[in-house]
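**Q** The following block contains the structure, expressed as structure tokens.
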Amino acid sequence: MTKHSNPFLLNTYELGRRAGEMKEYQLDIPAHVRIGVPLIAVPEGDLIEVDARLESVTEGILVSAEIYTVAQGECIRCLDPVEMVIDRKIQELYRYEATNEKGRKKKRDDDEIDLDDVEELQMEGDLMNLEIPIIDAIILTLPVNPLCSEECLGLCPDCGEKWESLPEDHAHEVIDARWSGLGGVDFGNSDK
Ligand SMILES: [Zn+2]
Ligand SMILES: [Zn+2]
């Protein structure tokens, strides 16, 4: 029915434009790409549930939304799969496209680049593009170094077994890496 292939676009035509009008939307947005950080992310195609409440205000539309989804990754210490529920609230103002507002236009003529202006969200006609705030919310929630648990002991660097499942006195014979290239040389005093 809709021509827009971007699942993050919310058509707000049903929302009255008088300040104070409100409408709630429940969206299931499929992740168009993997969304996250290198070690943990919402996989491509998984659903992002968004409960959004839109309110018309004088300068645009205020959206308050709760974002719910599940990210998958692996523990940096033991490489076990890690699942993380993301449940985060956001609030953003989408300004109406500035067309006839002389005051604002004048301000825009300044060459000064204001960071707030660059990041400002704008309506595209009736369309509200939720992509940036949703992706930001997901990425900001995810840990750069995911762990299966804070107490994860990780793996033995020599055999790759989990410390958790190894006996307390687990150890490997220390072989100096400098000698490993000299295989076959008999030092005469080897115990083996
Ligand atoms: Zn772990
Ligand atoms: Zn080991």
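**Q** Please give the Cα centre distance for the stretch 123-158 versus the stretch 12-79, rounded to the nearest Å.
**A** When both Cα centres are located, 13 Å separates them.
**Q** Here's a follow-up. What length, rounded to one decimal in nm, is gained on full extension from Asp169 through to Tyr13, with 0.36 nm per residue of separation minus their alpha-carbon distance? Walk me through the intermediate numbers first.
**A** Working: separation 156, 0.36 × 156 = 56.16 nm, distance 6.78 nm.
Once the chain is fully extended between Asp169 and Tyr13, it gains 49.4 nm.
**Q** Additional query: Local charge sum around Leu15 (other residues, Cβ-Cβ under 12 Å, Lys/Arg +1, Asp/Glu -1)?
**A** On the way: positive: Arg17, Arg18, Lys23, Arg53; negative: Glu14, Glu21, Glu24, Glu55, Asp126.
Neighbourhood net charge equals -1.
**Q** Related question: Summing Lys, Arg as +1 and Asp, Glu as -1, what charge do residues with Cβ under 15 Å from the Cβ of Gly73 carry, Gly73 excluded?
**A** Details: positive: Arg34, Arg77; negative: Glu44, Asp46, Glu74, Asp80, Glu83.
Net charge in that neighbourhood comes out at -3.
**Q** Can you compute the label reach from Asn145? Point 7 Å from Cα along the Cβ direction, backbone N cut-off under 16 Å, restricted to the stretch 58-101.
**A** Those under the cut-off are 74-80.
**Q** Continuing with the same structure: Modelling each spin label as a point 7 Å along the Cα-to-Cβ direction, I'd like the Ser64/Asp158 distance in nm, to one decimal.
**A** 5.9 nm
**Q** Oh, and also: Can you give the net charge of the other residues whose Cβ lies under 14 Å from the Cβ of Gly36, counting K and R as +1 and D and E as -1?
**A** Counting the neighbours of Gly36, the net charge comes to -3.
Laboratory data are not the source of any read-out in this text; all were calculated from the coordinates shown. From a predicted model like this one, the values you see are computed outputs, not experimental measurements. Positions of Cβ are generated from backbone atoms using ideal geometry, with glycine treated the same way; all protein chains shown enter the neighbour counts.
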